[in-house]
Amino acid sequence: MYRAVDSEGDTIDFMLSAKRDRKAAERFLKRALKAEHAWPPRVIDVDQNAAYPPAVDNLKAEGVLDESCQLRTCKYLNNIIEQDHRTVKRLSIAGLGFKILLDSQPNDRWI
């Protein structure tokens, strides 16, 4: 899962992907940068996934991302993103109960 959050903690965009490779990271960053409320970032904080630096380099070469934008890879700099993830986790865990209910077969006691 990829998530983009602004400096105030508001979610810009998120994307589910089967792989966390350079192509997926680049696709997500392009999508997040096209968001209406996303202004050109001066800093991008990411986890230590090796896919981010080449993706950001490609976006800078294409002119999608400003050359002055700084990429920071540090475990603790993306705490705002991890706090945003709490809501997603809570909603997805709560939804599992509904899935179990919908998947079960009705029996005579329910009628």
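Going through (1) at pLDDT below 85; (2) of a type outside the set (A, V, I, L, M, F, W, C); (3) within 17 Å of the chain's Cα centre (by Cα) one by one, residue 26 falls short only on (1). Hey, among the residues in the range 44-89 that are of a type in the set (D, E, K, R) and modelled with pLDDT under 65, which one's nearest to residue 32 (Cα to Cα)? Looking at residues that are of a type in the set (D, E, K, R) and modelled with pLDDT under 65, I get 84. Note on the range 25-51: residues that are part of a strand (DSSP E or B) and either within 11 Å of residue 2 (Cβ to Cβ) or touching a residue at least 60 places away in the same chain (Cβ under 8 Å) (or both) amount to 1.
The set of residues from the range 52-66 being assigned to a loop (DSSP other than H, G, I, E, B) and surrounded by fewer than 18 Cβ atoms within 10 Å (Cβ to Cβ) comprises 63, 64, 66.
Of the residues making up the range 50-65, those that are over 9 Å from residue 22 (Cα atoms) and of a type outside the set (A, V, I, L, M, F, W, C) are 57, 58, 60, 62, 63.
Scan the range 1-31 for residues that are within 18 Å of residue 67 (Cβ to Cβ) and either in contact with a Cys (Cβ under 8 Å, 6 or more places away or on another chain) or of a type in the set (A, V, I, L, M, F, W, C) (or both) and the total you get is 1.
The values are calculated or read from the model by the stated rules, or taken from the named source; none is laboratory data. Bear in mind that the values here come from a model prediction, so they are computed numbers and not experimental data. As a convention, Cβ positions derive from the backbone with ideal geometry for all residues, glycine included, and neighbour counts pool all protein chains shown.
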